[in-house]
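The structure appears below as structure tokens.
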Amino acid sequence: MKTTSGFQKMKSSGEKIAMMTAYDAPSARGAEQAGVDLILVGDSAGMVVHGYDSTVPVTLEDMILHTKAVRRGAPDTFVVTDMPFLTYHEGTKETVQNARRLIQEGGAHAVKMEGAGNVVDSISALTSGGVPVMAHLGLTPQSVGVLGGYKVQGKSDEAAHALLEEAKEIESAGAFSIVLECVPKQLAELVSKQLSIPVIGIGAGKDTDGQVLVYHDVIGYGNGFVPKFVKQYSDVDSIIEKAIAEYVNEVKEQRFPEEQHTFTMKEEQLKSFYG
Ligand code: KIV
Ligand code: NA
């Protein structure tokens with residue numbers, strides 16, 4: 001299993017890190033078998049699995065449950081779990097307690113937290129407590145209300161400089177990696193070059209140290225809106241729809257089940273019923 005030191009080595013050697021989300025055992029198994037370097041149990045689960053319109057309603061219990069399932073499906077892959085909305089903003093004590101549950105109950109190897117500012121203290125508290133932390137800057141979906149929607153971040157000079165400074169603070173606080181979401185590629189390249197820890201991009205161009213995408217987006221499963229930064233490598237939705245429609249049809253037309261799907265009694269046994 002690759003760990004934080006492995007990801008650091010990948011950055012040094014220029015080998016790109018391929019990260020993907022997973023939420024349950026089968027998605028995690030697929031990720032592991034296909035050679036994903038690390039799995040993120042993203043709070044995007046709220047949207048792609050639970051049908052909420054943001055990540056805000058996701059709870060710690062939800063993330064523990066998803067993490068347990070992912071670990072069972074991918075026992076040999078490093079698993080990072082998102083700390084959900086407002087579970088790391090009431091001080092270090094509460095942050096540590098919540099991270100402890102994701103690690104001890106869920107089985108996560110590391111946690112991810114969005115933003116800088118006060119969050120930087122949480123990053124150093126967890127790191128000194130032995131918990132590897134991945135940070136997340138740029139478009140931080142838990143702050144959708146403050147950001148006023150899902151849009152590209154760090155476009156102005158001021159915002160770009162501020163983001164670079166935040167990234168440096170986060171590195172100093174001990175984070176092992178940073179996700180950069182929806183920022184201009186030049187800014188992502190700059191941050192990746194100026195930091196020594198791996199920068200994983202999503203909607204951040206090709207010059208970061210790695211990429212992350214949501215499982216459902218990669219395979220084309222269950223998503224209505226597909227953001228510009230997504231590449232769908234399959235259209236699983238159409239396969240699912242076709243299979244289910246065929247099943248429904250065969251039931252209606254009495255073509256399913258067939259002999260091979262059916263259990264039978266011996267003829268003699270039937271005599272006691274029919275004489
Ligand atoms: O929850 C998630 O899927 C994420 C990735 C998009 C980085 O945070
Ligand atoms: Na997330």
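Here are a few things to note about the model shown:
- Conditions (1) modelled with pLDDT of 95 or more; (2) within 28 Å of residue 186 (Cα to Cα): number failed by residue 225: (1)
- Members of the range 31-44 found to be in contact (Cβ under 8 Å) with a residue 24 or more places away in the chain and in a helix (DSSP H, G or I), listed by number: 31, 32
- Residue-level analysis places residue 190 outside the set of residues that are within 16 Å of ligand 1 (Cβ to nearest atom) and either farther than 29 Å from residue 25 by Cβ or part of a helix (DSSP H, G or I) (or both).
One line per residue, one yes/no per condition, for (1) away from ligand 2 (no atom under 14 Å from the Cβ); (2) of a type outside the set (A, V, I, L, M, F, W, C); (3) not in a helix (DSSP H, G or I):
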residue	(1), (2), (3)
53	yes, yes, yes
64	yes, no, no
95	yes, yes, no
102	no, no, no
105	yes, yes, no
116	yes, no, yes
122	yes, yes, no
131	yes, no, yes
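- Matching residues, the range 1-30, being assigned to a loop (DSSP other than H, G, I, E, B) and touching a helix residue (DSSP H, G or I) at 6+ places or on another chain (Cβ under 7 Å): 22, 23, 24
- Residues that are in a loop (DSSP other than H, G, I, E, B), at pLDDT 95 or above, β-branched (Val, Ile, Thr) and farther than 30 Å from residue 184 by Cβ, drawn from the range 228-274: 262
- None of 183, 218 is outside any helix (DSSP H, G or I) and crowded, with 17+ Cβ neighbours inside 10 Å except 183.
- Among residues of the range 223-246 that are within 25 Å of residue 212 (Cβ to Cβ), those with a beta-carbon under 6 Å from a residue that is β-branched (Val, Ile, Thr) at least six positions away or on a different chain give the pairs 233/218; 234/219; 236/219.
- Yes/no for residue 3 being surrounded by fewer than 20 Cβ atoms within 10 Å (Cβ to Cβ) and either within 13 Å of ligand 1 (Cβ to nearest atom) or of a type in the set (Val, Ile, Thr) (or both): yes
The values are calculated or read from the model by the stated rules, or taken from the named source; none is laboratory data. Only a predicted model underlies this, so the values are computations on that prediction, with no experimental measurement involved. All Cβ positions, glycine included, derive from the backbone under ideal geometry; neighbour counts span all protein chains shown.
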